[in-house]
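The values are calculated or read from the model by the stated rules, or taken from the named source; none is laboratory data. All values reported here derive from a predicted model rather than from experimental measurement. Cβ: placed from backbone, ideal geometry, glycine included. Neighbour counts: every protein chain shown.
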Amino acid sequence: MDQQYTPRDIETCAQQFWQDQNSFAAVEDPSREKYYCLAMFPYPSGKLHMGHVRNYSIADVISRYQRMLGKNVLQPMGWDAFGLPAENAAIKNKTAPAKWTVENIDYMRDQLKQLGFAYDWQREFATCKSDYYRWEQWFFTRLYEKGMVYKKTSAVNWCPHDETVLANEQVIDGGCWRCDTPVQRKEIPQWFIKITDYAEQLINDLDQLDGWPEQVKTMQRNWVGRSQGVQMQFDLDSPIAGVDNFEVYTTRPDTLMGVTYVSLAAEHPISLALAKDNPALANFIEECRNSSVAEADMATMDKKGMFTGLEARHPITGDAVQVWVANYVLMDYGTGAVMAVPAHDQRDYEFAKKYDLDINQVVAPQNDEAINLDECAFTEKGVLVNSGTFDGLAFDAAFKAISDALVALGKGQVTTNYRLRDWGVSRQRYWGAPIPIFNLPDGGEIAVPAHKLPILLPEDVEMDGVQSPIKADLEWKKDELDGVAVERETDTFDTFMESSWYYARFTCPDFEDGMLDPERANYWLPVDQYIGGIEHAILHLLYARFFHKLMRDEGLVNSDEPFKQLLCQGMVLKDGSKMSKSKGNTVDPQSLIEQYGADTVRLFIMFAAPPEQSLEWSDSAVEGSHRFLKRLWKLAATHLEAGIAPELTADSLTGPQQDLRRKTHETIAKVSDDFGRRLTFNTAIAAVMELVNDISRFQHQSEQCLAVEREAIEAAIRLLAPIVPHISHQLWINLGHDEAIIDAPWPAVDDAALVRNSIEMAVQVNGKLRATIEVAADADGESIKKMAREQENVQRFLADLTIRKEILVPKKLVNIVAN
């Protein structure tokens, strides 16, 4: 065996072997326990960055480990290939998005193969191909027929530069997350899917997800936002456009007696009706449309409003309250109107202070502490004051009493409400799956029949950066149905649609007779381990959970949830800042692969930090990982040069031999726990490094030394095989094995090897350590105490003292008390 570690040659050889043997092809086998491991698939942006490498390395380690446990493992890879970046790149590079995307996929696929990831490449697909999105279109038509899809004109966040709709989370400091252009509010027709119909399931089924981080489950619960409250009616003194009342939803009916005004959203029908004859109000509404609606911004923004001149009637007292239009009220949440209680809501408080409106306290702290309403609102729950017959009631009692009063007056009812809003899936850009709807000549619409699917997106287009090619192409819009001319919908799907069910299609990507083959899908699903960034905790993961339930109700899958275990890996940082494609702050993994080899990159990325924590980039740590692999290689070479190891005879081992064998099996136990239960691969690697250190220090004194050393080296190689598969593959061959290491079982712990014949114990005099002793594991207490007293340093500290007591803590220490 060559003493020199040559990663390029070793990795090329291993990868060729896996390809020739089709090593990672997954085949359904009901007789075997399956394991489906999946990392969130990448957008084909051009090159892998270290965030990709970390995500996919974690998944690959888990997949290879589960395979060594004997499970039938599926680990696929594909491409989340639609989206705005391809359009922007196509405009910049004067090419078509399809061409740019395919070229990037080819390059990134090659990079993934160089890293040795154990993917079943026969299952690869790109979401921009019609054999994938045709079934997404088909599914949308099924949802349309079930009444789960509808179209309405809705106010959206609009980026005028990218000409597309943005989710609230994509609006950062009032600007587009991609280009920083100030975001506008715009009313346009949109297609929606009724995710709100599944709000209760989406919250309740989180209880099934024991393998998800509590942080993610909490984020989803808060996003769906289930709350019990009261929906109540405020009557207008003067009807507007035929409307004589409006409704308000609140989770704090206990504060109802403190209402001093009501606020309407800029897009509320009453606001819009008033604005027709009020230019100042119309201008204010337009200003609101160009403001950020992200929640973080709403909380800190300058509160602005206009008095409408209207008054409404308090639903219990009948007192008149002013009606305002305010920039901190959104039409998308609740009813688009809020009862303002400045004393007990901070946003209402800031608004009332600005416009000199009344601030009436109606809740006091339960412990009679003083509050200062000159400084801020008191927002905690407490005991009612200044509330007439409701005075003295705590929150729960006040909730019931006030809601009962509203019901009796016919002015309200207790309801369960959700913060979640229906999923707007329309996008006005080109590079996406066409929404499968025909617009009819009479103004209606119809879902595209199955025999007309897929509605193909033309790929040979020119991007001008102004208008979507399919919106500009009058011919593409034309179609016919049963001899009647119809017009195709020119909006495309939100790309979250593709990523919401790709995991399921991986189970049967070649299935041509439907969206999924239920038999194959139900064998593999749910995904046993899903890996991806915490930034996807809400939208992607929530939409995927929703889509899975839709597919279940269509009879395509028989499970409730798509992902059993979820691991959210941390960011890769360089110089303390997030590595980001958009900011250009990246380390190119390609250059590292060429310099050190893929195994070095994989070892560093798994050793530098626990998966869920951010990883600080370190060039020296990469070099350290490379040095360790060279050392491992040389250790194996030196072992082979020492001769042929005989069969290990555990009963005849000497002390040092027993020590190394015990260390070997302690390491197996530790790494097995780190891989299986804890998913802390950095500590697993550290444990193997300790074992390698002990092997390096081990001195050969007999043939059994070679046998013990062989067991230790082979254990180290098998424990590292999921992390550094190439060097492990070659070392396993060099050690004389006919079977490839990917087909070798995970090493088992020999409990007998863990038994210690001797124990090291501390000896204290008056509680201070003075010596250590090595005693037989079965030594009796008196023998241990005698040995402790006989230690030279112990006798020195006992000189001229009288022993009063000897305290023996079994297997740990002896404390001699003397004075």
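Miscellaneous remarks
- Residue 174 surrounded by fewer than 19 Cβ atoms within 10 Å (Cβ to Cβ), touching a residue at least 60 places away in the same chain (Cβ under 8 Å), farther than 30 Å from residue 198 by Cα and not β-branched (Val, Ile, Thr): yes
- In the set 594, 612, only one residue is of a type in the set (Asp, Glu) and within 27 Å of the chain's Cα centre (by Cα); that residue is 612.
- When 7, 42 are checked against the criterion of being touching a His at 6+ places or on another chain (Cβ under 9 Å) and closer than 21 Å to residue 607 by Cβ, 7 stands alone in meeting it.
- Given (1) closer than 17 Å to residue 492 by Cα; (2) in contact with a Leu (Cβ under 9 Å, 6 or more places away or on another chain); (3) outside any strand (DSSP E or B); (4) among the hydrophobic types (A, V, I, L, M, F, W, C), number of the condition residue 438 does not satisfy: (3)
- Hits in the range 52-90 (condition: under 30 Å from residue 430 (Cβ atoms), of a type in the set (A, V, I, L, M, F, W, C) and in contact with a helix residue (DSSP H, G or I) (Cβ under 9 Å, 6 or more places away or on another chain)): 77, 79, 81, 82, 86, 89, 90
- Members of the range 211-249 found to be polar (S, T, N, Q), under 37 Å from the mean Cα position of the chain (by Cα) and closer than 27 Å to residue 399 by Cα, listed by number: 218, 220, 222, 227, 228, 231
- Whichever residue in the range 80-105 is of a type outside the set (Asp, Glu) and not in a helix (DSSP H, G or I) and, among such residues, is surrounded by the most Cβ atoms within 10 Å (Cβ to Cβ): 82
- Filter pass, residue 145 being closer than 16 Å to residue 447 by Cα, modelled with pLDDT of 95 or more and surrounded by fewer than 21 Cβ atoms within 10 Å (Cβ to Cβ): yes
- Whenever a residue of the range 748-768 is touching a residue at least 24 places away in the same chain (Cβ under 8 Å) and on the phi < 0 side of the Ramachandran plot, its partners that are in a strand (DSSP E or B) and of a type in the set (Ser, Thr, Tyr), lying with C-beta atoms within less than 9 angstrom and at least six residues away or across chains, give the pairs 761/772; 762/772; 763/772.
- Test: residue in the range 673-682 that is outside the structural domain of residue 730 (by the TED database), outside any helix (DSSP H, G or I), at pLDDT 90 or above and touching a Pro at 6+ places or on another chain (Cβ under 6 Å): no
- The set of residues from the range 603-622 being over 15 Å from residue 689 (Cβ atoms) and in contact (Cβ under 8 Å) with a residue 24 or more places away in the chain comprises 605, 609, 610, 611, 612, 613, 614, 615, 616, 617, 622.
- Residues located in the range 325-346, provided they are modelled with pLDDT of 95 or more, within 23 Å of residue 373 (Cα to Cα) and of a type in the set (A, V, I, L, M, F, W, C): 326, 338, 339, 340, 341, 343
- Boolean, residue 640 is in contact (Cβ under 8 Å) with a residue 12 or more places away in the chain, part of a helix (DSSP H, G or I) and in contact with an Asp or Glu (Cβ under 7 Å, 6 or more places away or on another chain): no
- Set side by side, the residues 118, 86, 96, 126 differ, and just one is of a type in the set (Gly, Ala, Ser) and more than 30 Å from residue 602 (Cβ to Cβ), which is 96.
- Residue 389 falls short on exactly one of the conditions (1) surrounded by 14 or more Cβ atoms within 10 Å (Cβ to Cβ); (2) out of contact with any strand residue (DSSP E or B) (no Cβ under 7 Å at 6 or more places or on another chain); (3) β-branched (Val, Ile, Thr), and that condition is (1).
- Scanning the range 763-793 for residues that are β-branched (Val, Ile, Thr) and either over 24 Å from residue 655 (Cβ atoms) or assigned by the TED database to the domain that holds residue 655 (or both) turns up just one, 765.
- Output for the range 117-152, where each listed residue is within 24 Å of the chain's Cα centre (by Cα) and small (Gly, Ala, Ser): 118, 126
- Subset tally (residues that are touching a strand residue (DSSP E or B) at 6+ places or on another chain (Cβ under 7 Å) and either β-branched (Val, Ile, Thr) or surrounded by fewer than 19 Cβ atoms within 10 Å (Cβ to Cβ) (or both)) for the range 450-469: 1
- The one condition in (1) surrounded by 21 or more Cβ atoms within 10 Å (Cβ to Cβ); (2) over 35 Å from the mean Cα position of the chain (by Cα); (3) not aliphatic (A, V, I, L, M) that residue 667 fails to fulfil: (2)
- The residue list 209, 256 contains one member that is touching a residue at least 40 places away in the same chain (Cβ under 8 Å) and within 23 Å of residue 330 (Cα to Cα), which is 256.
- Test: residue 60 is among the acidic types (Asp, Glu) and surrounded by fewer than 22 Cβ atoms within 10 Å (Cβ to Cβ): no
- Restricting the range 400-412 to residues that are among the small types (Gly, Ala, Ser) and either out of contact with any helix residue (DSSP H, G or I) (no Cβ under 6 Å at 6 or more places or on another chain) or not in a helix (DSSP H, G or I) (or both), the residue that is surrounded by the most Cβ atoms within 10 Å (Cβ to Cβ) is 412.
- Pairs where the first residue, in the range 710-739, is over 22 Å from residue 62 (Cβ atoms) and the second is among the polar types (S, T, N, Q), C-beta under 8 Å, 6+ apart: 711/664; 712/664
- Single residue of the range 27-52 satisfying the filter (of a type in the set (A, V, I, L, M, F, W, C) and over 16 Å from the mean Cα position of the chain (by Cα)) that is surrounded by the fewest Cβ atoms within 10 Å (Cβ to Cβ): 27
- Residues considered: 108, 77. Of these, the only one that is in a loop (DSSP other than H, G, I, E, B), crowded, with 20+ Cβ neighbours inside 10 Å and not basic (Lys, Arg) is 77.
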